[in-house]
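I have placed the structure first, in the form of structure tokens, so that the comments after it can refer back to it.
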């Protein structure tokens, strides 16, 4: 009976030891799993933070690019404005004229007085409040209006006006017309007087218009 009792006791001890070992191993595995999950979570957070940081950097870079582009555009606009100030579209073609008898006109010719007329035409653009003229101009021929009338009309004398006409130019704000006039040494103008107009037609009614 004593041997059988000892055997039972030994079995119980073994069961207790196995149970303890099982609990110890299970606890170790549990702790190991918790540590692994914690590490993975921390790693995920770090990667997420890295992703957010990368996106933030990309956004900053993208924003910087936009600003740089804006600066480039502004610079280009300023450069274009400066270039336009120096290279305003020049007038093209020729200047023609139409003379008409008109009692209200100040010009007069007859057999002894036959004035000479001419004009130069520039284009202009208004930049920063200043009128900037084109580099080149077009010029009419010098005309004597009385040569266009018959002898009878010239004999009695003609009071007239002149309409100057030239080709319209795109992308300009207007035209500056300079006058040439010669009657005699006391009554002459050599492109010193001018008029600024918006259209490509100018009605020249007399010297007072230019004074």
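The values are calculated or read from the model by the stated rules, or taken from the named source; none is laboratory data. Every value quoted in this text rests on a predicted model; they were computed, and no experiment measured them. Neighbour counts run over all protein chains shown; Cβ positions are idealised from the backbone, glycine included.
Can you list the strands (runs of 3 or more DSSP E) found entirely within segment 141-211 that contain at least 1 residues being on the phi > 0 side of the Ramachandran plot and over 34 Å from the mean Cα position of the chain (by Cα)? Spell out the reasoning first.
On the way: elements: 158-165, 174-184, 187-197, 201-204.
Answer list for segment 141-211: 187-197.
I'm trying to understand the selection: among the residues of segment 193-211, which are buried (at least 17 other Cβ atoms within 10 Å of the Cβ) and at pLDDT below 95?
None; the set is empty.
Looking at residue 133, is it touching a helix residue (DSSP H, G or I) at 6+ places or on another chain (Cβ under 9 Å), at pLDDT 95 or above and surrounded by 12 or more Cβ atoms within 10 Å (Cβ to Cβ)?
no
Of the conditions (1) part of a strand (DSSP E or B); (2) exposed (fewer than 13 other Cβ atoms within 10 Å of the Cβ); (3) in contact with a strand residue (DSSP E or B) (Cβ under 6 Å, 6 or more places away or on another chain), residue 108 satisfies every one except a single condition; which number is it?
Failing condition for residue 108: (2).
Residues that are in contact (Cβ under 8 Å) with a residue 60 or more places away in the chain, surrounded by fewer than 13 Cβ atoms within 10 Å (Cβ to Cβ), within 28 Å of residue 87 (Cβ to Cβ) and in contact with a strand residue (DSSP E or B) (Cβ under 9 Å, 6 or more places away or on another chain): does segment 173-192 have at least one?
no
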